[in-house]
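For reference, the structure is listed below as structure tokens.
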Amino acid sequence: MEKLKSLERLEEALSRLPGVGKRSAERMAYAMLDFSDEDLAEIGDAIKEIKTNIKRCKVCGMITEEEECSICTDSDRDESLLMIVSYPKDVFTIEKSESFKGKYHILNGEISLGKGMHTEHLNIPSLLERLNKGKVKEIIIATSPTVDGETTALYLAKILESYKINVTRLAYGLQMGGNLDYVDPLTLSKALEGRHKL
Ligand SMILES: [Zn+2]
């Protein structure tokens with residue numbers, strides 16, 4: 001017997017999520033058949049809302065539901081210290097380590113020839129705009145210790161050369177090829193302490 005089209009469509013959609021294989025997508029889809037109308041509507045609404053309610057902070061590029069994110073508007077944080085990360089999830093990881101009290105800038109990507117990501121796709125114009133205000137004294141580049149992350153870090157170091165800013169890179173005692181989200185808070189705060197000049 002052929003699979004029903006509606007079920008197939010749902011399974012196909014669910015299997016696009018990270019970590020969801022064909023089998024688990026199938027299990028989820030069958031489970032949803034037994035959900036109440038209200039529960040299904042809630043799932044549908046929640047999914048739609050992430051696109052309508054979540055935007056990028058106009059200062060740093062972080063995801064937020066306001067015009068500016070809660071870190072940019074926090075006057076207790078040191079605005080002379082700026083950490084550049086690749087993705088919003090990296091901010092959550094670093095915040096968990098509670099070892100950084102500066103501000104962030106989120107590139108929303110990394111230079112990757114394989115994925116067709118080039119410098120013009122990165123959130124760099126707003127970074128330069130921030131730097132031109134002259135308040136940033138030190139920049140920590142915290143792109144991931146992968147080939148793409150390293151390429152991005154080197155590119156950033158080059159364009160930052162013309163600014164009188166101390167540029168450092170997270171000292172990864174971390175494995176090359178890893179991602180920031182797999183790093184435990186202790187390793188991360190050590191990496192911060194041991195950052196080196198680029
Ligand atoms: Zn922000």
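Considering only P145, P18, P88, the mean-square fluctuation computed in a Gaussian network model of the chain, springs between alpha carbons under 10 angstrom, is largest for P18. Rounded to the nearest percent, how much of the accessible area of the stretch 5-53 (1.4 Å probe, protein heavy atoms only) is carbon and sulfur? The C+S portion of the solvent-accessible surface of the stretch 5-53 is 55 percent.
So which of K48/K137; K58/K137; K51/K96; K133/K197 end up more than 29 Å apart by C-alpha? In this structure, K48/K137 lie more than 29 Å apart at Cα. Distant-in-sequence amide contacts of I140, defined by a placed amide H-H separation under 5 Å and a gap of 5 or more residues or a different chain, comprise L82, M83, I84, T168. The angle separating the long axis of helix 5-14 from the principal Cα axis of greatest extent in the chain is about 20 degrees. Quick one: helix 147-160 against the long Cα principal axis of the chain, what's the angle to the nearest 10°, folded into 0 to 90? Long axis of 147-160 versus the principal axis of the chain: about 40 degrees. Surface exposure of the chain, expressed per residue as accessible area with a 1.4 Å probe, stands at 63 Å². Here the label points at F92 and E79, each 7 Å from Cα along the C-beta direction, are separated by 2.7 nm in the simple model.
Our coupling estimate for the stretch 135-144, obtained by passing each phi through the Karplus curve with A = 6.51, B = -1.76, C = 1.60 and θ = phi - 60°, is 8, 7, 10, 9, 10, 10, 8, 10, 5, 5 Hz, Gly and Pro reported as x. For helix 22-33, report the angle its Cα long axis makes with the longest principal axis of the Cα atoms of the chain; keep it between 0 and 90° and round to the nearest 10°. The angle comes out at about 60 degrees.
The values are calculated or read from the model by the stated rules, or taken from the named source; none is laboratory data. Just so you know, these numbers come straight off a predicted model, no measurement behind them. Every residue, glycine as well, gets a Cβ built from its backbone with ideal geometry; the counts of neighbours run over all protein chains shown. Keep in mind that these areas ignore ligands, DNA and RNA; they rest on the heavy atoms of the full protein, side chains included. Shrake-Rupley method; radii C 1.70, N 1.55, O 1.52, S 1.80 Å.
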